[in-house]
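**Student:** One structure, pasted below without further comment.
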Amino acid sequence: MQQLIIKTAAGEMPVDLFSSRSDAPLIVLLMDAIGIRQELRDVAASLADLGYRLALPNLYYREGHYEDMDFNEPAVQQNVMRLYSSLSHQMVRDDISELLSQMFSNQPVGMLGYCMGGANALVLAGAFPNVVKAAAAIHPGGFVTDAQDSPHRMVVQAQGEIYIAIADRDPYATAEQAAVLEQALLQGGVSHQLDVYAGAAHGFSFESLPTYNADAQARYWQASTELFQRCLQ
């Protein structure tokens, strides 16, 4: 792993980089609310082993150096919610625009995001339709809101393929919200697959969380890697 510092209008954003091949297809790994930690680095390393170049940006850089937070501690949980609330979709679009300006060189680009990162993956697929060829949103939350840049509104501009994995026991992704997102994708003519994982809860992909579900984790991983294999070659 190497680290790149990308200067933005808001400060200096650390980006962990995996894979030494500069010409490999690029995947941007979008963190969940807990932020950068070893679990996400492991995901990035596993994808790099499959032949991709991985960028894992620390999107909390505006608030300071927050990494490797222990979400089991109540004080950390409160801080995570504060950090999560401080980050808007516009901020993420600005950050990833700077990242792509430095790292994009006409190779296919994919997005993989968890929780808030899943919602951001949908936004970015629509914000950069000529660049993002694939986006996977894993147990995303907050993807249907009243805001103009709500993910379900932004993603309709996407030209790449979208994969969405929603847990059926997720209070941040109700069946009604999933139906609104599905309808928007259909009306927008976006190539997509939206799967509802029966018996899974929000955060099913990470072993450190009490909602971890091994079957759901294996299912999303297979679907996401197949998506990237189809779209990023």
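The values are calculated or read from the model by the stated rules, or taken from the named source; none is laboratory data. The structure displayed is predicted, hence computed values, not measured ones. Note that each Cβ is placed from the backbone with ideal geometry, even for glycine, and that neighbours are counted across all protein chains shown. What goes into the accessible areas is simple: the full protein's heavy atoms, side chains included, and nothing from ligands, DNA or RNA. Shrake-Rupley method; radii C 1.70, N 1.55, O 1.52, S 1.80 Å.
**Student:** Can you check what the Kirkwood hydrodynamic radius comes to for the range 81-233, Cα pairs only, in Å to one decimal? Spell out each step's value before the answer.
**Tutor:** On the way: mean 1/r = 0.0649 Å⁻¹.
Answer for the range 81-233: a Kirkwood hydrodynamic radius of 15.4 Å.
**Student:** Packing-wise, with mean Cβ within 10 Å as the measure, how do 199-205, 131-137 rank, highest first?
**Tutor:** Answer by packing, highest mean first, reads 131-137, 199-205.
**Student:** With viscosity set to 1.002 mPa s at 20 °C, what whole-number translational diffusion coefficient in µm²/s follows for the range 144-223 from Stokes-Einstein and a Kirkwood radius over Cα pairs?
**Tutor:** 160 µm²/s
**Student:** How much accessible area per residue does the range 36-111 have, in Å², with a 1.4 Å probe?
**Tutor:** Result: 46 Å² of accessible area for each residue.
**Student:** Between Gln38 and Leu194, how high is the FRET efficiency from 1/(1 + (r/R0)^6) when r is the Cβ-Cβ distance and R₀ = 30 Å? Nearest 0.05. Before the final figure, lay out the partial values.
**Tutor:** Details: r = 30 Å, r/R0 = 0.99.
Step by step, r from the Cβ atoms, then E = 0.50.
**Student:** From the Cα gyration tensor of the range 17-175, with a ≥ b ≥ c the square roots of its eigenvalues, which class applies: rounded if a/c is under 1.5, or else prolate if a/b is larger than b/c, or else oblate?
**Tutor:** Oblate, because a/c is 1.5 or more while a/b does not exceed b/c.
**Student:** Take the Cα radius of gyration of the range 1-75 and divide it by 2.2 N^0.38 Å, with N its residue count; two decimals is plenty.
**Tutor:** Numbers: Rg = 12.9 Å, N = 75, 2.2 N^0.38 = 11.3 Å.
In units of the 2.2 N^0.38 Å rule of thumb, it is 1.14.
**Student:** Something else about it: Please go through the range 140-233 and write out the GluC sites (Glu not before Pro) that DSSP classes as loop and that have at most 15 other C-beta atoms within 10 Å.
**Tutor:** Values: sites: Glu161, Glu176, Glu182, Glu207, Glu226; in loops: Glu207.
Within the range 140-233, the qualifying GluC sites (Glu not before Pro) (loop, at most 15 other Cβ atoms within 10 Å) are Glu207.
**Student:** Considering only protein heavy atoms, what per residue accessible area in square angstrom results for the range 132-178 with a 1.4 angstrom probe?
**Tutor:** Values: 1930 Å² over 47 residues.
Value returned for the range 132-178: 41 Å² of accessible area per residue.
**Student:** With a 1.4 Å probe and all protein chains left in place, how much of the accessible area of the range 1-155 comes from carbon and sulfur atoms, in whole percent?
**Tutor:** 48 percent
**Student:** Quick one: Karplus J couplings for the range 134-147, per residue in order, coefficients 6.51, -1.76, 1.60, θ = phi - 60°, nearest Hz, x for Gly and Pro?
**Tutor:** Taking θ as phi minus 60°, the curve returns 7, 9, 10, 10, 10, 5, x, x, x, 8, 10, 9, 7, 5 Hz for the range 134-147.
**Student:** Keeping every protein chain present and rolling a 1.4 Å probe, give me the accessible area per residue for the range 192-233 in Å².
**Tutor:** Accessible area per residue: 51 Å².
**Student:** Further question on the same structure: Whole angstrom only: what separates the Cα centroid of the range 68-116 from the Cα centroid of the range 1-34?
**Tutor:** 11 Å
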